[in-house]
1. Ranking TRP63, TRP68 by Cβ neighbours within 10 Å, fewest first, what do you get?
2. Please arrange HIS97, HIS91 by how many other C-beta atoms lie within 10 Å of their C-beta, fewest to most.
3. On full extension of the chain, what length is gained from ALA151 through VAL167, given 0.36 nm per residue of separation minus the C-alpha to C-alpha distance?
4. From the phi of every residue in segment 86-98, what ³J(HN,Hα) in whole Hz does the Karplus formula 6.51 cos²θ - 1.76 cosθ + 1.60 yield, where θ is phi - 60° and glycine or proline is x?
5. Once label points are set 7 Å from the Cα along Cα→Cβ at both ILE79 and ILE174, what is their separation, rounded to one decimal in nm?
6. Apply 1/(1 + (r/R0)^6) to the Cβ-Cβ distance of TYR51 and LEU200, taking R0 = 45 Å, and write down the FRET efficiency to the nearest 0.05.
7. For the pair ARG209/TRP68, report the inter-label distance in nm, with labels modelled 7 Å from Cα in the Cβ direction.
8. Read phi for every residue in segment 188-201 and hand back ³J(HN,Hα) as whole Hz from Karplus 6.51 cos²θ - 1.76 cosθ + 1.60, θ = phi - 60°, with x for Gly and Pro.
Amino acid sequence: MPTRDTRSRARVAGRCHAEGVFELLTGLGLATSAGLNAYIPLLAIGLLSRYTDMMNLPQQWSWLENQWVIGLLGVLLAIEFVADKVPIVDHVNDVIHTVIRPTSGGLAFGAASSSETVTVSDPAEFFSSNQWVPIVIGIAVSLGVHGMKAAARPVINATTAGFGAPVASTAEDITSVILAIVAILLPVLVLVFIIAIVALFVSLMRRRRRRKEAKRAEKAARDGQTQQLRY
């Protein structure tokens with residue numbers, strides 16, 4: 001029969017395991033948010049850490065809550081907010097951010113894995129022995145989301161004659177904001193957002209494939225009619 005001390009250790013172990021999962025989900029959510037918008041998750045981390053008790057950054061990441069860093073992130077966010085909503089310019093913006101968004105995702109995941117949040121009281125529990133791991137994971141996750149965003153945007157622009165660019169960009173910005181906040185306050189919902197983003201991307205790629213197949217069929221039909229007229 002388990003003793004009181006054994007049950008106590010089991011509860012502590014269970015709590016640490018749960019916090020490790022929350023820590024991972026928080027990092028994944030912030031990295032995914034960075035894949036949509038490089039500056040929103042870093043700005044969310046800085047603001048929440050500086051002005052609230054919802055997140056406490058350790059010394060090595062305290063530069064994110066510096067007022068000058070927050071101001072610079074705000075300026076960069078404003079620039080991307082405009083650039084990402086103009087057809088053609090949005091493509092150039094995506095090319096430039098091929099490096100910036102993954103870097104932001106790595107920083108966001110790294111900062112989150114070392115910080116106290118409303119769901120994590122013992123940070124770095126999950127990545128205590130390998131502090132570089134969360135940064136690498138964050139880079140990989142953000143790069144993947146950025147790749148989906150960059151691949152989906154031409155499809156949206158082509159099917160809407162460019163009018164869908166500002167709508168899609170605004171939706172991405174809103175999703176990035178919500179996901180960054182959810183990742184810190186309610187990380188259990190992060191998986192729902194990630195699944196929804198992947199499902200939407202798959203749907204857009206299928207639509208793109210059907211559109212290409214329809215164009216090929218239409219071209220083949222025109223070529224057939226042309227040949228018949230010749231004979």
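1. TRP68, TRP63
2. With the fewest neighbours first, HIS97, HIS91 line up as HIS91, HIS97.
3. Extra length available between ALA151 and VAL167 comes to 4.1 nm.
4. Result, rounded to whole Hz: 10, x, 6, 4, 5, 5, 4, 4, 5, 4, 4, 7, 4.
5. Using points 7 Å along Cα→Cβ, the separation is 2.7 nm.
6. It comes to 0.85.
7. 5.1 nm
8. 4, 8, 4, 4, 4, 5, 5, 4, 5, 5, 5, 4, 5, 5
No value in this document is a laboratory result; all are computed from the given coordinates. Bear in mind that the values here come from a model prediction, so they are computed numbers and not experimental data. A quick note on method: Cβ atoms are made from the backbone with ideal geometry, for glycine too, and the neighbour counts reach across all protein chains shown.
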